[in-house]
Amino acid sequence: IMNLSEKKDADILRGDLPNVRSMYCARPGYVIVHADYSQQELRVMEAVASDDALATALACGDVYSYDAKEWFELPDSYEAIKKEKKEIRKACKMGHLASQYGAGLFARHAQMLMQDLNFQYDMTRRIARQFERTYHRTVSYWDEEQKRVEACGYSEGRILGGRLYYPAMPDRSKTANFPIQRT
């Protein structure tokens, strides 16, 4: 709901969707509260994968500016990147999120095209390689989780359990995703 309500002029894929948020209202005497913990999925991935590089990126306050600075060797501060290198930061954000669960290169590029129809495949490949070099512990987690699921037949959340059994072995992006989402 939160994402659908954003209307961006240049976003062809969303078109003229109504503001979904405006369709909800609290009954008299009540309020609707929205809370968002910054980069929560990334924080869970950092903990589950024991990824020190991701912990470092999270500690800087803006993972995607951190990625842009590291991957494109930018001399700017994180704040300057956010303000002056918006397109590079946006590409890094799209690439990071598309890479988070170990999808293949074509799937990552498809996800990036959904956000920007002009996104170049070479840029997807560059960002994917940089992601895998920088966050190699997350990449190791993908394979470790895949092997664990092959051995037991299910994915499991790391807090309070919760299992998803697979009748047939799913691809790596599914086995990497469930523990993070469930946790």
Near pairs, Cβ below 6 angstrom, 6+ apart or cross-chain, from the range 156-178 (on the phi < 0 side of the Ramachandran plot) to any residue that is outside any loop (DSSP other than H, G, I, E, B) and small (Gly, Ala, Ser)
164/155; 175/155; 178/155
Could you please find all residues in the range 68-96 being surrounded by 22 or more Cβ atoms within 10 Å (Cβ to Cβ) and either on the phi > 0 side of the Ramachandran plot or of a type in the set (Gly, Ala, Ser) (or both)?
68, 91, 95
Log entry, pairs with first residue in the range 85-97 being under 17 Å from residue 121 (Cβ atoms), second being among the polar types (S, T, N, Q), beta carbons closer than 6 Å, six or more apart or on different chains, reads 94/115
Do the conditions hold for residue 61, that is, is it on the phi > 0 side of the Ramachandran plot, in contact with a strand residue (DSSP E or B) (Cβ under 9 Å, 6 or more places away or on another chain) and either surrounded by fewer than 17 Cβ atoms within 10 Å (Cβ to Cβ) or at pLDDT 95 or above (or both)?
no
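The values are calculated or read from the model by the stated rules, or taken from the named source; none is laboratory data. Since the structure is predicted, the reported quantities are computational estimates derived from the model, not experimental observations. Counting neighbours? That spans all protein chains shown, and the Cβs are built from the backbone with ideal geometry, glycine included.
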